[in-house]
1. Using alpha-carbon pairs under 8 Å, 6+ residues apart, how would you state the relative contact order of the range 1-140 in percent?
2. Which percentage, to the nearest 5, of the DSSP beta bridges contained in the chain is antiparallel?
3. For the range 105-243, which semi-axes, largest first and in whole Å, follow from the square roots of 5 times the eigenvalues of its Cα gyration tensor?
4. Normalised by the number of residues in the range 79-199, what is the relative contact order in percent for Cα pairs under 8 Å and 6+ residues apart?
5. Can you pull the semi-axes for the chain, root of five times each eigenvalue of the Cα gyration tensor, sorted largest first, whole Å?
6. Per residue of the chain, what 222 nm ellipticity follows from adding -39500 (n - 2.57) for every DSSP H run with n ≥ 4, rounded to the nearest 500?
7. Need the list of lysines near LYS67 for cross-linking: C-alpha distance under 29 angstrom, and skip anything on the same chain fewer than eight residues off.
8. Can you tell me the order of 85-93, 23-31 when each peptide is scored by its average per-residue count of other Cβ atoms within 10 angstrom, highest first?
Amino acid sequence: MSEPRFAVFGHPIAHSLSPRIHAAFGKQLGVPLQYTAIDAPPETFAAQLDAFGKAGGSGANITLPHKQAVLALCAHVSDFARRAGAVNTLTRRLDGHWRGDNTDGAGLVRDIAQRHGLDLRERRGLLLGAGGAARAAAFALLDAGVAELTIVNRTPERADALADAIGEPDRVRTRYWDALGTLGNFELIVNATSAGHTRQSLRLPFALVAPRALCYDLSYGMTASAFLAWARAAKAGFAYDGLGMLIEQAAESFAIWHGRRPDTDVVYDEFRGELPLHASD
Ligand code: NAP
């Protein structure tokens, strides 16, 4: 019997570490699998995913920019993915239809709470961004006990839409990017924008960072370097990139597909060696 086939779909996708991470998990647990990266621009994504399923593809990860659009292609969606309005894990069911899950939120919380040993409860949080990853992060952080969350996005309507979807006006508010200098400070600042990919500066005031604050960039490697440099210059207590989240969300997907969760620490250490926590000005 041929190995079950998996893939990550995105655009661009050449940078994705997912094929190597899933190969490492499979090797660790003795699970045979094929996992490839498929470059899928928005115009052809649905057709490419359909062809992958018809050719026997068992499951897929979905990344930028398709996490929200793929919801419409799922016949079944987990509660968390429906709340977040974003899917990053597809599993082909016996009836040939896709089931959508979202493991980004669990990956983020697991990395912060278990790998870095930090308590999220009662923190005043600031979330920068309102795209697919930010949506999952918002729901997961609130579920994990963050006291309140301020969402700021370059396009304010998307932040408002996310706050409306959460529906907890006592805990969640939105503000304009221009007002960042007037918001006081936060004990948790999560950068869920993709600005680092294009090396665009977020122009964040240092005054946002409370003493002992945790600053976390969902992106990793050099893409996170400007945000991490800002966080350290602002004297944040902790500054982490999203490599651990990437590996934890992959492990959650792996468990959905194969029924077993790999040991993530060895894989994290291997990739951390290649991608040190950069902080450059
Ligand atoms: P997305 O849906 O395309 O959303 C991008 C977000 O970034 C939007 O809120 C966008 O604002 C904002 N943005 C882009 N350029 C900006 C700029 N110059 N200034 C301010 N805001 C800007 O992308 P996504 O899927 O949410 O991914 C977001 C980031 O998370 C990416 O860096 C991705 O690599 C990372 N990520 C990491 C993991 C992990 O496991 N570590 C998982 C998922 C995603 P507008 O709404 O105004 O366009």
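The values are calculated or read from the model by the stated rules, or taken from the named source; none is laboratory data. Since this is a predicted model, take the numbers as computed values, not measurements. Cβ placement follows ideal geometry from the backbone for every residue including glycine, while neighbour counts extend to all protein chains displayed. Protein only, heavy atoms only, side chains kept; ligands, DNA and RNA dropped before computing areas. Shrake-Rupley method; radii C 1.70, N 1.55, O 1.52, S 1.80 Å.
1. Working: 219 pairs, mean separation 29.1, N = 140.
Normalised by residue count, the contact order of the range 1-140 is 21 percent.
2. Bridges in the chain that DSSP calls antiparallel: roughly 20 percent.
3. Working: eigenvalues 73, 61, 45 Å².
They are 19, 17, 15 Å, listed largest first.
4. Details: 195 pairs, mean separation 30.5, N = 121.
In percent, rounded to a whole number, it is 25.
5. Working: eigenvalues 194, 86, 56 Å².
Working from the Cα gyration tensor, I get semi-axes of 31, 21, 17 Å.
6. Working: 9 runs with 94 residues, N = 281.
Calculated at 222 nm, the ellipticity per residue is -10000 deg cm²/dmol.
7. Counting by Cα, and skipping residues close in sequence, LYS67 has these lysines nearby: LYS27, LYS54.
8. Details: 85-93: 23.3, 23-31: 16.0.
Most protected by this proxy first, the peptides run 85-93, 23-31.
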